[in-house]
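The values are calculated or read from the model by the stated rules, or taken from the named source; none is laboratory data. Predicted, not measured: the structure shown is a model, and the values here were computed from it. Because the Cβ atoms are built from the backbone with ideal geometry, glycine has one as well, and the counts that use them run over all protein chains shown.
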Amino acid sequence: MNQTSTTSSAKVRQRLLIVGQCPIRDELQASLDEEIEQVDTLYDAIGALSTKEGQLPIHTVLIWAQTLRPYSGRAIEALHCIDPSIRLLLVETGADESVLRQLGGRFEGKWRGATDADSLASFIRTQDTSEHHTTPTITQNSDTNKKETPQSDSDQSDSATPASLGDVDLVHAIQHKPEQVTPLALSIIKLHTQWTDLSLHDSSAEISDEIHEAAITWNDECFGYLQSRIAPLVQLEAWAQWLAQWLAFDDNFQKHQRWAFTDDLTGAGNRRFFHQFLSDAISRAGEDRRPVTLMVFDIDDFKMYNDRYGHEAGDEILQESVKLMTSGIRQGDRVCRIGGDEFAVIFADPEDPREPGSDHPAEIQQIAQRFQSQIAKMQFPKLGSDAPGSLTISGGLASYPWDGMTPETLLRLADQRALHSKRCGKNAITFGPKAVNERNNDEPGNQT
């Protein structure tokens, strides 16, 4: 193949990979005057691409269709996932239609002519672009205008290959594991470029001329800097732009997630978040064989505070109550606002109780009673100096698995126990099957 001079954004590409039994390999190699590697199957081609030599990378994959097994079609897209810059060329001579349909995939060119080396070499030369793409493109879809249906675990026979990493994995991480987005994106870049020394830094630093650095910026926001010794600067900048788009998308998605699941006034989880988190917590607890407790409570006589002191004072009570409750719970617990002045606390922390020898229900009761005591001591400036006594709450608790096995059962029972606390004179927290009132009689304003 005639070689052209390259820019800093591209390496000279000198190796052709043939997949299948090519009867004219030697003649083709003489016509092209370049190194040819040959493998039997598409899966062998995946291995060859993922371990390619940096100094002699593969620029074209020539697939000899008639010698391939029909079930190998899925691997066609895996080749582009490993290296988006390679050209896939298909030689259809002698292949039946069923094989061609099974292969499918995205090809830059298809050869149907006679199988003489000179004409095939000429065809390959006409398809040569001689430079790598400067803008990275990674996709797991065979058609850029259509989304591929997510595969089940049983369908992912190639999951052990590097081709299993791509855009679909990034979307899944953004939705379900945001802490993995950046490490996963870096792994994808390394996979597609073989830049083994690639690193990401929060801030720019003094670097030598041997190290290239590219800012990861999108819409004037900087997410960090990519650095590498072996990466050409132009390509590093292109990948930095690709990464910036994904990180900006992740940042925007997480903001919308927070808006969708957060109560605007108090910052607590809203009712939508409550149902989702409680359901997930019970599901995890069932797998790990550990308990989950739900506490439902509201502010006693809250309507009176709103009517007498105004909604601004009422808002302050709700906001400060959430802050107080949040400060007293454990890392894996959550506070949610599920009504006007009605709150739910999901005690789902997977760690053992803080007090040695304490069991889960006993610790939750202690947290609830401590909150009840602390809120009675709080001062609310917007209520003024003539506020009537101390603020009190009434609530009820229900625990999985003893009180119920579903979110609906726990919520219904916790509501019933909270109502029982109200009927018994308020300023009470009710838990246990006998609906025993646990009161803190040492605090002012409690009913006895």
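Some points to look at:
- Filter result (surrounded by 15 or more Cβ atoms within 10 Å (Cβ to Cβ), more than 25 Å from L49 (Cα to Cα) and without any contact (Cβ under 8 Å) to a residue 12 or more places away in the chain) within region 175-216: Q180
- Output for region 405-414, where each listed residue is surrounded by fewer than 19 Cβ atoms within 10 Å (Cβ to Cβ) and either assigned to a helix (DSSP H, G or I) or small (G, A, S) (or both): E408, T409, R412
- Subset of region 217-238 that is part of a helix (DSSP H, G or I) and aliphatic (A, V, I, L, M) - its residue that is surrounded by the fewest Cβ atoms within 10 Å (Cβ to Cβ): L233
- Meets criteria (loosely packed, with under 13 Cβ neighbours inside 10 Å, assigned by TED's automatic domain parsing to the domain that holds S283 and at pLDDT 90 or above) for R417: no
Conditions tested, residue by residue: (1) surrounded by 16 or more Cβ atoms within 10 Å (Cβ to Cβ); (2) of a type in the set (S, T, Y); (3) not assigned by TED's automatic domain parsing to the domain that holds P407.
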{"residue": "A240", "(1), (2), (3)": "yes, no, yes"}
{"residue": "D250", "(1), (2), (3)": "yes, no, yes"}
{"residue": "L278", "(1), (2), (3)": "yes, no, no"}
{"residue": "I299", "(1), (2), (3)": "yes, no, no"}
{"residue": "M304", "(1), (2), (3)": "no, no, no"}
{"residue": "I346", "(1), (2), (3)": "yes, no, no"}
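- Annotation: of all residues in region 341-391 being assigned to a loop (DSSP other than H, G, I, E, B) and hydrophobic (A, V, I, L, M, F, W, C), the one that is modelled with the lowest pLDDT is A387.
- Output for region 28-57, where each listed residue is part of a loop (DSSP other than H, G, I, E, B) and at pLDDT 75 or above: E34, D40, T41
- Residue, nearest to the chain's Cα centre (by Cα), within region 292-325, restricted to residues that are more than 15 Å from I393 (Cβ to Cβ) and among the hydroxyl-bearing types (S, T, Y): T293
- Tally of residues being of a type outside the set (V, I, T) and either surrounded by 14 or more Cβ atoms within 10 Å (Cβ to Cβ) or touching a residue at least 60 places away in the same chain (Cβ under 8 Å) (or both) across region 252-271: 11
- Meets criteria (crowded, with 22+ Cβ neighbours inside 10 Å and either more than 29 Å from M405 (Cβ to Cβ) or not assigned by TED's automatic domain parsing to the domain that holds L419 (or both)) for G310: no
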